[in-house]
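S.K.: One structure, pasted below without further comment.
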Amino acid sequence: MTLTSRRGLRAALALTATAALALTGCTTNTEGPEDSGEPRQEVSLETDDEIAALVPAEIREKGVLVIGTNPPYAPNEFKNERGEIVGFDIDVMTAAAQLMGLRAEFRESDFEKIIPAIEGGTMDMGASSFTVNDERLQTVDFVTYFEAGIQWASAAGTDLDPDDACGLSVAVQRTTVSDQEDVPARSEACVAAGNPPIEKVQFDSQDEASTAVALGKVDAMSADSPISAYAVKQSEGKMQLAGDVFDSAPYGWPVRKGSELAAALEAAADKLIETGDFEKIAQNWGLEDGLIDDAEIRKG
């Protein structure tokens, strides 16, 4: 199975999940490192003149980097209790923008609308757990900065194997790799072997998918590995991880094809890696396992 990452029970379940978030707090995705009791490592950086010189003139002149993101997808991007967009991706891009001499402006958007907005020029880039894949490389360039795989989660106390999930219901967030590739491929394999298909239950947000699992409305969920691990952690014992991480692949920042911004982002990411600031940010969110040695520009 090849990875090309990032809502059955229709509207009634979506409403049930949303209500459960408000009432139980089981997977609200509002907790951050400041709530964990662990000391937070602050990262605040000065402009690096060499990196700033790589920024395209039209962005450098306005001094603002417009970044599309799609919360809630904790711990990468979600809203805290004050309604602010926070998370690992947010912290990394804020630091990268500082090195480029820019202010990061995060614009909330539907996930599937971010790349079209980049193509259309209303956003400069995206920072929303985009897995680099051939389909996306047809329309945008990417700068890699992290690596993640896919991992399933189920209700606590269940014995569930993602490799033996025929006939089960599995929650996914719409337009992610779990929605578009992981679950469909597994379901097709089930049918080919003469077994019942997997019922893929799509949700518009990861909160809804996670809550459906915690409430027992579906058998499992498939999501990026950092997201599943964080959902289990925040579920207060209602969920558990199911199976190992598989199909690891790089996350990337999408930019318009041919944009000089890619070189500036690559340089900023490499500087964060070299100085250890990237690792500090990852440690704040418990995501050290996804660190990479070098950023890379990927073009289709």
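S.K.: Considering only segment 112-130, state which residues are among the hydroxyl-bearing types (Ser, Thr, Tyr) and either under 11 Å from the mean Cα position of the chain (by Cα) or within 16 Å of residue 252 (Cβ to Cβ) (or both).
M.R.: 128, 129
S.K.: Which pairs turn up if I take residues in segment 109-121 that are of a type in the set (Phe, Trp, Tyr) and look for partners that are surrounded by fewer than 20 Cβ atoms within 10 Å (Cβ to Cβ) with beta carbon separation below 6 Å, at least 6 apart in sequence or on another chain?
M.R.: Filtered contacts from segment 109-121: 111/175.
S.K.: Say whether the condition of being under 16 Å from the mean Cα position of the chain (by Cα) and among the hydrophobic types (A, V, I, L, M, F, W, C) is met by at least one residue in segment 180-197.
M.R.: no
S.K.: Just to be sure, is residue 280 more than 17 Å from the chain's Cα centre (by Cα) and over 14 Å from residue 43 (Cα atoms)?
M.R.: No, not satisfied.
S.K.: Output the residue which, of all residues in segment 102-126 that are assigned to a helix (DSSP H, G or I) and of a type in the set (Asp, Glu), is farthest from residue 266 (Cα to Cα).
M.R.: Only one residue fits best here, namely 112.
Residue by residue, here is whether (1) under 29 Å from residue 251 (Cβ atoms); (2) open to solvent by 10 Å² or more (accessible area, probe 1.4 Å); (3) not assigned by the TED database to the domain that holds residue 72 holds:
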| site | (1), (2), (3) |
| --- | --- |
| 161 | yes, yes, yes |
| 165 | yes, no, yes |
| 169 | yes, yes, yes |
| 180 | yes, yes, yes |
| 184 | yes, yes, yes |
| 187 | yes, yes, yes |
| 191 | no, yes, yes |
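S.K.: Restricting to helices (runs of 4 or more DSSP H) lying wholly in segment 1-101: which have 2 or more residues that are out of contact with any Asp or Glu (no Cβ under 7 Å at 6 or more places or on another chain), modelled with pLDDT of 50 or more and open to solvent by less than 20 Å² (accessible area, probe 1.4 Å)?
M.R.: 49-52, 88-99
S.K.: Looking at segment 133-154, can you tell me whether even one residue there is open to solvent by 30 Å² or more (accessible area, probe 1.4 Å), in a loop (DSSP other than H, G, I, E, B), within 21 Å of residue 223 (Cβ to Cβ) and in contact with a helix residue (DSSP H, G or I) (Cβ under 6 Å, 6 or more places away or on another chain)?
M.R.: no
S.K.: Okay, next question. Tell me which residues, restricted to segment 102-126, are touching a helix residue (DSSP H, G or I) at 6+ places or on another chain (Cβ under 8 Å) and open to solvent by less than 40 Å² (accessible area, probe 1.4 Å).
M.R.: Matches in segment 102-126: 102, 104, 109, 115, 123, 124, 125, 126.
The values are calculated or read from the model by the stated rules, or taken from the named source; none is laboratory data. A quick note: this is a predicted structure, and the numbers were derived from the prediction, not measured. Methodologically, a virtual Cβ is constructed for each residue, glycine included, from the backbone with ideal geometry; neighbour enumeration extends over all protein chains shown. Note: accessible area is taken over every heavy atom of the protein model, side chains too, but ligands, DNA and RNA are not part of it. Shrake-Rupley method; radii C 1.70, N 1.55, O 1.52, S 1.80 Å.
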